[in-house]
Amino acid sequence: LKVHVANGYYDLATPYYATLHTFAHMGLTPEQRQNVSMSFYEAGHMMYVHRESLLKLRAELERFIGGGG
């Protein structure tokens, strides 16, 4: 299973640091950690309404879906 997590720095509903903390404490092996990718955006919860973040999100998801992430 591969997982990509997208977070906005200014998201008060799902704070980005909570994601970092959660994954850091899941007890994943190094091999499992390689299946997790994260990206962070200069936006809030709906990073796709911030044009710069939307473009970055698209590129990150294309890379992830294409097998490079």
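Since every read-out is calculated from the coordinates, none of them should be taken as a lab result. In this text the structure is predicted, and so the values were computed from the model without any measurement. With ideal geometry, Cβ positions are generated from the backbone for all residues, glycine too; neighbour counts draw on all protein chains shown.
Quick notes
- Residue range of the chain that is longest and free of chymotrypsin sites (Phe, Trp or Tyr not before Pro) which are both DSSP loop and sparsely packed (at most 14 other C-beta within 10 Å): 11-69
- Structural size metrics of the chain, computed from C-alpha coordinates, are Rg and Dmax of 12.5, 36 Å.
- The chain: GluC sites (Glu not before Pro) in DSSP loop, at most 12 other beta carbons within 10 Å: Glu42
- Over the chain, dividing the summed -39,500 (n - 2.57) contributions of all DSSP H runs of at least 4 residues by the number of residues returns a 222 nm mean residue ellipticity of -11500 deg cm²/dmol.
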